[in-house]
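The structure appears below as structure tokens.
What follows is calculated from the coordinates using simple rules that are stated; it is not laboratory data. Note that the structure is predicted; figures quoted are calculated from it, not measured. Here Cβ is always computed from backbone atoms with ideal geometry, including for glycine, and neighbour counts include all displayed protein chains.
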Amino acid sequence: MSADNPMREALAAELAERRAARLYRERLVVESPQGPELVVGGRRFLSFCSNDYLGLAAHPEVAAAFRRGVDRWGAGSGASHLVTGHSAAHHALEEELAAFTGRERALLFSTGYMANLGAITALLGRRDAVFQDRLNHASLLDAGLSSGARFRRFPHADAAALARQLAGSGARRRLAVTDGVFSMDGDLAPLPGLAAACREHGAWLLVDDAHGLGVLGANGRGTLEHFGLGAAEVPVLMGTLGKGFGTAGAFVAGDETLVEYLVQFARTYVYTTALPPAVAEATRASLRLVQSEGWRRDHLRALVARFRRGAEQLGLALMPSGSPIQPLQVGDAGRALALSAALRERGILITAIRPPTVPAGGARLRITLSAAHGEAQVDRLLAALETVLSDTPPAVDGGAPPAA
Ligand code: PMP
């Protein structure tokens, strides 16, 4: 390897800088299926960092549907949706997702990142404006920037600020965009207020409910069901399939005009290979479980309440979240890493989330609970947190809260 290549030297210097700032990201190599316990390096850990909120990623019925899908369809879709990749399995899943979300149509994308990028860049161009919560997921922010539309951010969860920005905008089309459940904080967007601001100013609202669908609402219909909102208030609903549904992929649901528009103009829909049909079959099975096994949501809610009660008793700096995402504020990236390492020594996996994923000074342990966990596992987590927080200074107030 030549040391005199200036491009490589610049890259290596940036890597070294990131490492020195304690912001370097390492991957774990997981040796077991997803579940409350994971095997890493031959050792079994209790895991609190997956997005498999309902415990469906390795569910026997979902896995069996996947296997039957492979037997019927083979491994790959062979083409993009607009050529010959759109199978009857994809089509049936789209119809079932449309019914589940109460929309005329749903359109499958290969990932959530691609769904957001495709939808927002199709809907907006240079004469338009996009308004984003400043804590929105990276894929939404990237999509807004790529669209060429005027890009505005509003303060986190501030519907009045959105209303003011909309009132001052003379753009041709205006789209407000928010996470339903914020992925690194766990709190919910104030959807009724955001929807009212959009209605008043003739804008559309897009909600990315990656972390709400399957999990929130009596029937698992997500953040919109939680607030009692429908298609009139939120015309563009995006959901992912790799989290609560336990498989992979994503969809955008809306009316006939929106979905046909995306079929024609969303570049990440048109120019990419369709998901394997077997993934669609597996997701059909998980969608049935999401709807028929409400006990998963009930159990998960009870675990969240148990965790928060226990954490409060210990005086832990939890963030105000009612979702299964229960981050523990730490502040300093180095301390977040030290805590994560100390938990790992005790057989518990929790990822330290550091900038740039969260704002500077906002490092945290992102604890996520799943319906696959049991009460005793949550109690074990609380006991381990109590030990490592008192062993790893500074004490439990954890330093500065993340910049809002
Ligand atoms: N939106 C949000 C809010 C997310 O958290 C994620 C995944 N981290 C995505 C979109 C992207 O979804 P996918 O993983 O399917 O690309």
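Backbone amide hydrogens, once placed in the peptide plane, bring Leu349 within less than 5 Å of Leu46, Ser47, Phe48, excluding anything fewer than 5 places away on its chain. At an R0 of 35 angstrom, the distance between the Cβ atoms of Val83 and Asp255 translates into a FRET efficiency of 0.85. Kindly work out what percent of the DSSP beta bridges joining two residues of region 60-292 are antiparallel, to the nearest 5. Within region 60-292, antiparallel bridges account for around 40 percent of the total. Figure legend: label point modelled 7 angstrom from the Cα of Arg288 along Cα→Cβ; residues of region 66-85 with amide N under 11 Å from it are 66. Exposure proxy for Thr84, Thr111: other Cβ atoms within 10 Å of each Cβ, ordered fewest to most, give Thr84, Thr111. Taking Asp185, Asp142, Asp208 in turn, the Gaussian network model of the chain (Cα-Cα springs below 10 Å) assigns the largest fluctuation to Asp142.
May I ask you to give the average projected area over all directions of the convex hull of the Cα atoms of the chain, in nm² rounded to one decimal?
21.4 nm²
Using the Karplus relation 6.51 cos²θ - 1.76 cosθ + 1.60 with θ = phi - 60°, the per-residue 3J(HN,Hα) values for region 354-371 come to 10, x, x, 5, 10, x, 3, x, x, 4, 7, 8, 8, 8, 10, 9, 9, 5 Hz, with x marking Gly and Pro. The share of C-alpha pairs in region 1-142 whose separation exceeds 25 Å stands at 59 percent.
What does the convex hull of the Cα atoms of region 60-292 come to per residue, in Å³, rounded to a whole number?
Working: hull volume 24.3 nm³, N = 233.
Output value, Cα hull per residue: 104 Å³.
Each residue, Thr387 and Ala92, gets one label point 7 Å from its Cα in the Cβ direction; the gap between the two is 4.9 nm.
Residues considered: Gly217, Gly55, Gly186. Largest GNM mean-square fluctuation over the chain, using C-alpha springs under 10 Å, is found at Gly217. Taking label positions 7 Å along the Cα-Cβ direction at both Ala302 and Ala13, the computed distance is 5.8 nm, reported to one decimal. Net length available on complete extension from Ala58 to Asp142 is 27.1 nm, with 0.36 nm assigned per residue and the Cα-Cα distance removed. Binning the C-alpha pair distances of region 288-375 at 10 Å intervals from 0 yields a P(r) profile of 16, 42, 30, 11, 1 %, listed from the shortest bin outward.
Quick check on the chain: of the DSSP beta bridges with both residues there, what percent are antiparallel, nearest 5%?
Working: 24 of 43 bridges.
Among the beta bridges of the chain, antiparallel pairing accounts for roughly 55 percent.
For region 73-88, the Karplus equation 6.51 cos²θ - 1.76 cosθ + 1.60, evaluated at θ = phi - 60°, returns couplings of 10, x, 8, x, 7, x, 6, 6, 4, 8, 9, 10, x, 8, 7, 4 Hz by residue, with Gly and Pro reported as x.
Computing FRET efficiency as 1/(1 + (r/R0)^6) for Arg126 and Arg68, where r is the C-beta to C-beta distance and R0 is 51 Å, gives about 0.60. Residues whose amide H falls under 5 Å from that of Val236, counting only those 5 or more places apart or on a different chain, are Leu205, Val207, with hydrogens built in the peptide plane. Computed from backbone phi with θ = phi - 60° and the Karplus coefficients 6.51, -1.76 and 1.60, the 3J(HN,Hα) list for region 115-121 is 5, 5, 4, x, 5, 6, 6 Hz; x is used for glycine and proline.
Which order do peptides 364-371, 254-261 fall in by mean Cβ count within 10 Å, highest first? Walk me through the numbers before you get to the answer.
Values: 364-371: 25.0, 254-261: 16.8.
Ranking, from highest mean packing down: 364-371, 254-261.
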